[in-house]
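Some notes on the structure that comes next.
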Ligand SMILES: Cc1ncc(COP(=O)(O)O)c(C=O)c1O
């Protein structure tokens, strides 16, 4: 087949593709950039323009694009076995990967239930926690509700949306959702609980409120769902140190299962393999996706402790089986990819290579905070958020309709960067393998773009 021109590809896309989270009328108005190749931390379009991938292709990419070692592992696996179901059969790659995940996960998570995206990983965690309480029986069977956090994001399937807290995305679906007990999100910049932005005080207030909610609702609460350390899509909101550990203690005290959604922060993003490990926390259930295949293929895993798993064991007639599954569960190509990625974590000593990059990011973010159009910067590991405001003193935000964050990202494209904002927060989320020189380019481009789009308020 002859190679298609950029124009043809753009027409195909605009005529036939419906894009996620996109107002398609706007999309149809401008011919899109068509990415056709990847190389290291760069994506290359159909005209040969190179862009630094500043958001790791929606927070997934770890080792850069088209890493030879991962490509080779995929090619090798394709020639051996492309897919075989997990219904009634095992496959070698899924089994080996499960063992490997258990070895690196927070101690105590020992079973792996596969699916194929972050939303399903969370959805499975919710269903597991719910059914777990049913199997315990007695008073525990009344534990049917969930505690979620304001400003949380756990994906777009209905269960995951139910435990989410971003009304802009999900308000319209409210009638389809199950109600949750919503706790305040710590250090949410504009949180009404701590207008002074004193993170310790905020943490205390949020924990006190969480404790009150738990004490009131423990008898009816099956589980709590949390993004550990950082609320991603909510705007890269960083939790104060110790918050997660305290949430774990409260869950224990009130007999509530803790479901940690590490879909965004898992696989090295915050500086350790998993975010929970920074506070010595083992959740009862942990959801993984995105970085699991280093951004190559759809794969997800929901990990559980022995306690959770054991509650599902019984005679078939007791109906304790976890009746949930997806067609591509444990796909061997995806699992082989994940294994190749874990090998690269070791051979590249990737986690060990992060501290200087994290430190550099911190220096650059701190410098940006000096700009009067920057209300707040946030960072944990190799992720950051730069919140743009019209007036820093009054914290007056730019109206969301103005899409100032998007304008900055469009400007950044002219400087060879691909970015995607969260409202008026500019997200920094490069592949972990980014070099210091590339990180400098990224931060230079972001700074220039912010300066040229926003006007300092006197
Ligand atoms: C914390 C978190 N959970 C779940 C999801 C949903 O993952 P997916 O888009 O693969 O369904 C996301 C996606 O951004 C996420 O950030």
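Since every read-out is calculated from the coordinates, none of them should be taken as a lab result. None of the values given here were measured: they were computed from a predicted structure. For neighbour counting, all protein chains shown are included, and Cβ atoms are generated from backbone atoms with ideal geometry for every residue, glycine included.
By its C-alpha gyration tensor, with a ≥ b ≥ c as the square roots of the eigenvalues, how is region 260-358 shaped: rounded for a/c under 1.5, else prolate for a/b larger than b/c, else oblate?
oblate
Over the residues of region 71-347, compute the C-alpha Rg and express it relative to 2.2 N^0.38 Å.
Working it through for region 71-347, the quotient is 1.00.
Taking the alpha-carbon centroid of each part, what is the distance from region 37-92 to region 113-159 in angstrom?
The two parts, judged by their Cα centres, are 30 Å apart.
How would you classify region 118-265 from its alpha-carbon gyration tensor, with a ≥ b ≥ c the square roots of the eigenvalues: rounded for a/c under 1.5, else prolate if a/b is greater than b/c, otherwise oblate?
oblate
Given an 8 Å cut-off on Cα distances and at least 6 residues of separation, report the relative contact order of region 71-347 as a percent.
28 percent.
With r as the distance between the Cβ atoms of residue 4 and residue 25 and R0 = 30 Å, compute the FRET efficiency 1/(1 + (r/R0)^6) and round to 0.05.
0.75
Given the Cα-Cα distance of residue 158 and residue 96 and 0.36 nm per residue of separation, how much length would full extension add, in nm?
19.2 nm
Please give the calculated 222 nm ellipticity per residue for the chain, where each DSSP H segment of at least 4 residues contributes -39500 (n - 2.57) and the sum is spread over every residue; nearest 500 deg cm²/dmol?
Helix contribution divided over all residues of the chain: -11500 deg cm²/dmol.
For region 71-347, give me the percentage of DSSP beta bridges that are antiparallel, rounded to the nearest 5 percent.
50 percent
Relative to the present Cα-Cα distance, how much length would full extension add between residue 209 and residue 451 at 0.36 nm per residue of separation?
Length difference between fully extended and current span is 83.2 nm.
For region 221-252 and region 297-343, write down the distance between their C-alpha centroids in whole Å.
24 Å
How much FRET efficiency would the formula 1/(1 + (r/R0)^6) give for residue 69 and residue 401, where r is the Cβ-Cβ distance and R0 is 45 Å, rounded to 0.05?
The value I calculate is 0.50.
Which stretch or stretches of region 131-169 have amide N atoms under 19 Å from the point lying 7 Å from residue 255's Cα along the Cα→Cβ direction?
Backbone N within reach: 131-147.
For residue 141, put the label point 7 Å out on the Cα→Cβ axis and report which residues of region 277-315 keep their amide N under 16 Å from it.
Within reach of a label on residue 141: 312.
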